[in-house]
Amino acid sequence: MDFRPTQDQLALASAVRDVLGKHPAPGTPGEDGPEPGVGGVDGALWRDLAELGIFGVRVPEADGGLGLGHPESVHVFEELGRSLATGPFTATALAATLLPEYAAGRHRVGLGDLTGGAPQLLEHLDALDALLVVEIVDGESPGAAGRSQVLRVEPIELRADAVPHPVDPRVPLHRLRQKPLRGEIVGDSGTADTLLREGALLTAAYQVGIAAVLTERAVAYAKQRTQFGRAIGSFQAVKHLCADMFARAELARAAVHSAAVLLADEAAGHDGADLPAAAAAVSAAKLLADDAAVANARAAVQVHGGMGCTWEMGLHFYLKRAWALSLAYGRAADHADLISESL
C-alpha cells in the first residue's frame with residue numbers, strides 16, 4: 001500500500017489551498033475572520049470552491065464530477081481543515097455521490113443522523129437547500145440495531161429551534177423538535193451506512209488539517225517568541241510539546257490516508273478488499289484525528305502562553321471546531337465499539 005501522494009493529488013490540494021488563501025479565515029491572528037453569511041456560510045468562498053469542483057471529486061465525469069476517489073477527497077478536506085472553512089462541505093460532498101445533481105455545488109445540502117438517542121442538532125440549517133436524513137425505519141427504537149433509510153427533506157418543512165450559544169460560534173445550530181413527517185426515500189440501510197462511514201472519513205481529514213496547521217503555528221511562534229533572552233523553542237518543555245503535536249498530526253494523517261485507500265479498494269471491488277476492515281480503519285482514523293485536533297489545539301494555546309488565551313490569536317476557533325467535529329459522524333465510543341467488533 002503506497003500512501004505517497006501523486007502529483008495530481010498534490011496539484012488538487014494546492015489548487016484548493018490557493019482558493020482558500022484568497023478568502024479571510026477564522027482563526028487568523030489579529031483578524032476577526034469573514035463576516036458570517038446566511039446560515040454561517042461565506043457565499044463567495046462556497047462559489048469559488050464549487051467552481052473548483054470539490055463537491056464532485058468522487059462523482060463520475062459523465063455526471064459532471066471529477067471522477068476521482070477517496071484518497072483525493074481526503075486531500076481536499078485536509079486543506080479545508082487547515083483554513084477552518086465553514087459550511088456544509090462534508091454533507092454536500094456526500095450528497096453528490098448519491099445524487100449527482102449536487103456535484104456542481106449550486107445547492108447546499110445538510111445531513112442529519114437521527115439513528116441515535118441524543119438531541120438532534122443540525123448545522124447551517126438556514127443556508128441549506130436540501131437535507132438528507134438518516135433515520136431508523138418506523139417500528140425500531142432509537143439506537144437499536146435495525147434497518148435504516150435515507151430521506152431527502154425540504155429544510156423549510158422542519159420544525160427546529162436555534163441553539164443560542166453553540167460551542168463553535170462560526171457554525172449555527174438548530175435543535176430538531178421532531179422527526180421529519182415526510183420526505184423522499186433516496187437510500188436504504190446500506191446507503192445510510194456508507195454515508196455515515198464516508199462522512200467520518202472526511203471529518204477525520206478535516207481534523208488532520210486542524211492538527212497540522214496548529215503544529216505549524218506553534219512551532220513558528222516558539223521560534224520567534226523570546227524569553228530570558230532566548231527563543232522559547234529552545235526550552236525542552238516547549239520542544240516536547242511541539243514534538244508531540246507533530247507526532248499526533250502525522251499519525252492521524254497516516255491513518256486517514258490508509259482508510260481512504262482501503263475504502264477506495266473496497267469501492268472498486270479489488271481482490272482482497274474487505275469492507276469490515278475498511279470500516280474499522282475509518283473508525284480508527286476518526287478516533288486518532290479527533291484526538292490530534294483537540295490535543296493540538298490545547299497544546300497550541302499552551303505554547304502561546306497568555307497570548308494563546310486571547311481572542312485576537314484565534315486559537316479558540318480551532319479548539320471549538322475540533323470539539324464540535326469530534327461528535328460528528330459517530331462519537332468516540334461508537335467508533336471504539338466498531339473497532340473492537342472487528343478484532
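The values are calculated or read from the model by the stated rules, or taken from the named source; none is laboratory data. Just so it is clear, the structure is predicted and the values come from calculations on it, not from any experiment. A quick note on method: Cβ atoms are made from the backbone with ideal geometry, for glycine too, and the neighbour counts reach across all protein chains shown. We work out accessible area using only protein heavy atoms, side chains counted, and drop any ligands, DNA or RNA first. Shrake-Rupley method; radii C 1.70, N 1.55, O 1.52, S 1.80 Å.
Angle of helix 70-82 to the longest C-alpha principal axis of the chain, folded into 0 to 90 degrees and rounded to 10: 50°. The protection proxy used here, the mean number of other Cβ atoms lying within 10 Å of each residue, ranks peptides 209-215, 155-161 as follows, highest first: 209-215, 155-161. Compared with the dominant Cα axis of the chain, that is its longest principal axis, helix 43-52 is turned about 80°. Once backbone amide H atoms are built at 1.01 Å from N, residue 160 has 177 as its partners under 5 Å, excluding neighbours fewer than 5 places away on the same chain. Rolled with a 1.4 Å probe across the full set of protein chains, the surface gives residue 270 an accessible area near 100 Å². Note on the range 241-307: with neighbouring protein chains present and a 1.4 Å probe, carbon and sulfur make up 60 percent of its accessible heavy-atom surface. Relative to the current alpha-carbon distance between residue 175 and residue 251, full extension at 0.36 nm per residue lengthens the span by 23.9 nm.
Legend: Rg and Dmax of the chain, from Cα coordinates, 19.9, 69 Å. Under 30 Å between alpha carbons, and skipping anything fewer than 8 positions from residue 223 in its own chain: which lysines qualify? Reachable lysines: 22, 239, 320.
The value of relative contact order for the chain, using C-alpha pairs under 8 Å at least six residues apart, is 17 percent. The accessible-area ordering, largest first, of the residues 221, 329 stands as 329, 221, per a 1.4 angstrom probe. Put simply, the amide H of residue 148, placed in the peptide plane, has neighbours under 5 Å in 137, 189, leaving out anything fewer than 5 places away on its chain. List every residue whose amide H lies under 5 Å from the amide H of residue 131, counting only residues 5 or more places away in sequence or on a different chain, with H placed 1.01 Å from N in the peptide plane. The list, which skips near neighbours in sequence, is 110, 153. Once both axes come from the Cα atoms, what is the angle between helix 332-342 and the longest principal axis of the chain, in degrees from 0 to 90, rounded to 10? The angle comes out near 70 degrees. Backbone phi angles across the range 208-221, fed through the Karplus curve with coefficients 6.51, -1.76 and 1.60 (θ = phi - 60°), yield HN-Hα couplings of 4, x, 4, 4, 5, 5, 5, 4, 4, 5, 5, 5, 4, 5 Hz in residue order; Gly and Pro are listed as x. Computed on protein heavy atoms with a 1.4 Å probe, the accessible areas place 75, 165 in the order 165, 75, largest first. When 3, 317, 235, 246 are compared by accessible area of protein heavy atoms, the largest-first order is 246, 3, 235, 317, using a 1.4 Å probe. The length gained by stretching the chain between residue 220 and residue 106 to full extension, at 0.36 nm per residue less their Cα-Cα distance, is 37.2 nm.
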